[in-house]
Amino acid sequence: NIQSCTKSFTSMLVGVAIQNGLDISLDEKLYDIYPELFDDDILKREMTLADALTMQTGLGFTNEPNTLQLYQTESNSTGFVLSFPLTNDPGTVMKYNDGAPHLVSKVIEVKSGKTEAEYAAEKLFGPLEISDWQWESAHDGTTFGAFSLYLKPRDFAKIGQLLLQNGKWGEKQIIDAD
């Protein structure tokens with residue numbers, strides 16, 4: 001279990017999705033991607049994908065005890081993260097947490113039509129010939145964007161080498177260097 005290093009895979013997969021032509025913009029509001037999961041707080045609707053990637057959602061999600069609650073929630077996991085009140089305006093304060101990457105995972109799911117784990121299998125792990133891995137999901141099927149990715153050390157090293165090579169593996173550009 002690579003624990004919070006999983007967050008880096010979630011952000012890499014956004015880059016992979018952009019590289020592969022998915023209709024993803026860092027400036028896109030999460031509300032425009034999955035509006036049915038938001039409550040009536042109008043200010044929450046201003047959160048962008050970039051805000052979630054940089055942990056600047058403004059949500060009051062705190063890892064202790066909220067990560068365990070996210071892991072155990074039987075309801076909609078993305079809605080659970082979004083249910084926290086704002087403690088700051090979106091895009092203004094960075095607060096390290098496990099909720100923001102989960103919101104990003106849901107973006108990949110909605111935009112690709114696949115869970116983040118399925119998308120990773122096809123677009124990242126497959127090209128790198130990584131086959132022995134596991135990535136846990138919430139009870140509703142959304143891949144945890146912040147934790148619970150299991151990789152062997154050799155395969156984890158492949159990811160490091162991919163990044164050292166500016167996203168290129170062999171002759172294939174898996175992630176655009178930009």
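The values are calculated or read from the model by the stated rules, or taken from the named source; none is laboratory data. Here the structure is a predicted model, which means the values were calculated and not measured. Cβ: placed from backbone, ideal geometry, glycine included. Neighbour counts: every protein chain shown. Side chains are part of the model used for accessible areas, which takes the heavy atoms of the whole protein and leaves out ligands, DNA and RNA. Shrake-Rupley method; radii C 1.70, N 1.55, O 1.52, S 1.80 Å.
So that you can scan it fast, the table gives a plain yes or no per residue for (1) hydroxyl-bearing (Ser, Thr, Tyr); (2) modelled with pLDDT under 95:
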| position | (1), (2) |
| --- | --- |
| 7 | no, no |
| 14 | no, no |
| 67 | yes, no |
| 75 | yes, yes |
| 87 | yes, no |
| 91 | no, no |
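For residues that are within 28 Å of residue 127 (Cβ to Cβ) and either without any contact (Cβ under 8 Å) to a residue 12 or more places away in the chain or acidic (Asp, Glu) (or both), tally how many sit in region 28-73.
Total meeting the criteria: 1.
Against the condition in a loop (DSSP other than H, G, I, E, B), closer than 23 Å to residue 116 by Cα and open to solvent by 40 Å² or more (accessible area, probe 1.4 Å), how does residue 69 come out, does it pass?
no
Only one of (1) closer than 30 Å to residue 152 by Cα; (2) in contact with a Phe, Trp or Tyr (Cβ under 6 Å, 6 or more places away or on another chain) is not met by residue 31, so which one is it?
So the condition that residue 31 fails would be (1).
Out of region 35-53, which residues are loosely packed, with under 15 Cβ neighbours inside 10 Å and of a type outside the set (D, E, K, R)?
If the condition is that a residue be loosely packed, with under 15 Cβ neighbours inside 10 Å and of a type outside the set (D, E, K, R), then 35, 42, 43 are the ones that fit.
Is it the case that some residue within region 29-38 is in a loop (DSSP other than H, G, I, E, B) and either at positive phi or not aliphatic (A, V, I, L, M) (or both)?
yes
Any chance you could count how many residues in region 98-123 are surrounded by fewer than 21 Cβ atoms within 10 Å (Cβ to Cβ) and either under 18 Å from residue 5 (Cβ atoms) or hydrophobic (A, V, I, L, M, F, W, C) (or both)?
Number of matching residues: 2.
In the list 27, 32, which residue meets the criterion of being of a type outside the set (Val, Ile, Thr), exposed (fewer than 13 other Cβ atoms within 10 Å of the Cβ), touching a Ser or Thr at 6+ places or on another chain (Cβ under 9 Å) and at pLDDT 95 or above?
It is 27.
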